[in-house]
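Worksheet: the structure to be examined is printed underneath.
The values are calculated or read from the model by the stated rules, or taken from the named source; none is laboratory data. As the structure is a prediction and not an experimental result, all values here were calculated from the model. Note that we place each Cβ from the backbone using ideal geometry, even for glycine, and neighbour counts take in every protein chain shown.
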Amino acid sequence: MMHVLFLPKWYPNEYDPFDGNFIENHAHAIKRKVNVSVLFVHSEANCPTTYRFEKRENKGIQELLVFFKKPNTGINPLNKLIAFFRYKKAQKLGYQRLFKENSKPDLVHIHVLSRPAFLALWLKQKFAIPFVITEHWTGYLESNGKYRGFLKKKFTEYVVKKANRVHTVSTQLKEAMISHHLINQYEIIPNVVDTEIFKPIDRHNEVPEIIFVGNLLQTPKRILDIIQGMKALKDAGENFLLSIYGEGKDESKAKQLVNKLNLNPEISFKGTANREEIGKAMASADFLILFSSFENQPCVIAEAHAAGIPIIVPDLPGISELMKPELGIIVKTNDQVDFEKALLLMVQSYKSYNTASIRKYGLQLFGEEEIANRFLQFYQTALKMSKQA
């Protein structure tokens with residue numbers, strides 16, 4: 001069986017158990033077709049030694065997390081230089097622990113540029129191991145604009161050129177990357193969802209129950225505007241409950257606004273939760289809301305589809321390219337009035353949506369078997385390209 005080494009920039013760890021959980025979801029989907037190992041490197045301020053290794057077995061996936069001591073010289077440029085070399089060494093030390101003696105992966109899969117590419121480039125040069133890239137970062141989007149810096153751009157262009165294939169979850173992100181001269185053969189495969197965790201249940205809520213899952217940020221999630229929308233819904237005489245899952249730097253502002261608008265009976269902050277807890281909460285809700293200024297392709301949309309509940313989402317390319325009227329309502333991006341109209345309409349009409357039809361769409365597009373098959377084909381094409389080069 002093919003052996004694929006994941007090199008993620010983001011991955012769930014003890015400091016952030018939700019960091020890059022969509023990458024972990026991809027690994028769990030793909031493991032039914034290929035062997036998967038994960039090598040994740042991260043800095044650690046209180047690392048007891050220069051390098052610390054944490055090996056885990058995660059439901060059939062071999063994971064090695066390597067932490068390196070975060071430099072603290074008091075001189076920022078020097079800290080960055082030391083961290084750069086420690087990161088590269090941590091990658092090689094981790095690789096040597098995962099693949100001893102003559103064993104090697106058949107393919108390397110970078111998840112999010114650009115740091116993980118250091119090891120991928122070295123493995124390709126030394127052992128002719130091909131690599132592919134999955135990019136999730138929204139920094140390439142014009143609405144975000146964080147992809148900048150001469151050296152970063154040149155290095156990213158070089159890595160993308162050397163890759164055997166590139167994957168994004170949306171056409172929007174593919175086109176944004178190409179606009180930055182990141183040229184390669186692209187494949188679009190959407191996010192994956194665990195359809196055993198996210199599945200419908202019989203709902204008998206006395207009042208409409210709404211769910212929001214995401215970082216509590218005004219930019220890009222517009223969490224304060226969502227709360228304002230709830231105030232408009234209450235003023236229209238509608239009863240509802242909103243459960244907010246997540247945390248973030250604007251959490252205190254959000255809670256203050258809820259108090260100010262006297263929405264405490266209607267809005268509750270649930271904090272962070274694991275996938276199983278979110279799955280139960282999603283299935284219990286009547287619909288999901290999202291009102292972001294920019295997004296790539298949020299996993300919560302796929303999860304809502306799998307749970308069979310309708311959604312309110314902004315008209316962003318990575319989202320609208322997968323939407324149909326029977327799945328929910330699309331609102332104009334950053335248009336508060338349109339968002340509030342959609343809330344009122346959904347509260348009055350959510351029972352008309354067909355749970356089974358929404359679930360069927362979610363299985364066809366985001367189900368683990370479907371995504372696993374598409375990634376297997378993606379890998380096989382990359383290996384074939386490598387042999388022809």
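Overview of results
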{"read-out": "Pairs, first in contact (Cβ under 8 Å) with a residue 60 or more places away in the chain and closer than 21 Å to ASN21 by Cα in region 303-326, second of a type in the set (Gly, Ala, Ser) and in a helix (DSSP H, G or I), C-beta under 6 Å, six or more apart", "value": "HIS305/GLY362; ALA306/GLY362; ALA307/ALA283"}
{"read-out": "Residue count, region 339-384 (criterion: of a type in the set (A, V, I, L, M), out of contact with any Lys or Arg (no Cβ under 6 Å at 6 or more places or on another chain) and surrounded by 15 or more Cβ atoms within 10 Å (Cβ to Cβ))", "value": "10"}
{"read-out": "Pick from region 46-77, criterion among the hydrophobic types (A, V, I, L, M, F, W, C) and assigned to a loop (DSSP other than H, G, I, E, B), ranking: surrounded by the fewest Cβ atoms within 10 Å (Cβ to Cβ)", "value": "ILE75"}
{"read-out": "Pair list, Cβ under 8 Å, 6 or more apart: region 2-13 residue within 16 Å of TYR87 (Cα to Cα), other residue in a loop (DSSP other than H, G, I, E, B) and among the basic types (Lys, Arg)", "value": "LYS9/ARG115"}
{"read-out": "Among the candidates ASN79, ASN58, ASN35, ASN25, residue that is over 30 Å from PRO190 (Cβ atoms) and outside the structural domain of GLY271 (by TED's automatic domain parsing)", "value": "ASN79"}
{"read-out": "Options SER43, SER37: the member that is buried (at least 17 other Cβ atoms within 10 Å of the Cβ), assigned to a strand (DSSP E or B), at pLDDT 95 or above and touching a strand residue (DSSP E or B) at 6+ places or on another chain (Cβ under 7 Å)", "value": "SER37"}
{"read-out": "Some residue of region 122-129 being of a type in the set (Gly, Ala, Ser), more than 14 Å from ILE178 (Cα to Cα) and surrounded by 17 or more Cβ atoms within 10 Å (Cβ to Cβ)", "value": "no"}
{"read-out": "Count of region 119-140 residues which are over 22 Å from the mean Cα position of the chain (by Cα) and not in a loop (DSSP other than H, G, I, E, B)", "value": "8"}
{"read-out": "Residue match in region 264-279 (condition: over 26 Å from the mean Cα position of the chain (by Cα), of a type in the set (D, E, K, R) and assigned to a helix (DSSP H, G or I))", "value": "no"}
{"read-out": "Scope region 11-27; condition closer than 23 Å to ILE129 by Cα and out of contact with any strand residue (DSSP E or B) (no Cβ under 7 Å at 6 or more places or on another chain); matching residues", "value": "GLU24, HIS26"}
{"read-out": "Answer from ALA283, ALA254 - the residue that is among the hydrophobic types (A, V, I, L, M, F, W, C), in contact (Cβ under 8 Å) with a residue 24 or more places away in the chain and more than 23 Å from ILE197 (Cβ to Cβ)", "value": "ALA254"}
{"read-out": "Only one of LYS341, LYS384, LYS332, LYS324 that is more than 30 Å from GLN218 (Cα to Cα) and charged (D, E, K, R)", "value": "LYS384"}
{"read-out": "Selected residue [surrounded by 18 or more Cβ atoms within 10 Å (Cβ to Cβ) and over 21 Å from the mean Cα position of the chain (by Cα)] from ILE210, ILE244, ILE183", "value": "ILE210"}
{"read-out": "Pair list, Cβ < 8 Å and 6+ apart or interchain, from region 155-172 residues that are outside the structural domain of ILE301 (by TED's automatic domain parsing) to residues that are surrounded by fewer than 17 Cβ atoms within 10 Å (Cβ to Cβ) and part of a strand (DSSP E or B)", "value": "HIS167/ILE188; THR168/ILE188; VAL169/ILE188; SER170/ILE188; THR171/ILE188"}
{"read-out": "Selection within region 1-34 - in contact with an Asp or Glu (Cβ under 6 Å, 6 or more places away or on another chain) and either of a type in the set (D, E, K, R) or part of a strand (DSSP E or B) (or both)", "value": "HIS3"}
{"read-out": "Single residue of region 254-288 satisfying the filter (within 17 Å of ALA232 (Cβ to Cβ) and in contact with a Lys or Arg (Cβ under 7 Å, 6 or more places away or on another chain)) that is surrounded by the most Cβ atoms within 10 Å (Cβ to Cβ)", "value": "GLU266"}
{"read-out": "Qualifying helices (runs of 4 or more DSSP H) (wholly inside region 141-252; at least 1 residues being modelled with pLDDT of 95 or more and touching a Pro at 6+ places or on another chain (Cβ under 9 Å))", "value": "171-179"}
{"read-out": "Tally of residues being small (Gly, Ala, Ser) and closer than 18 Å to HIS109 by Cβ across region 1-54", "value": "4"}
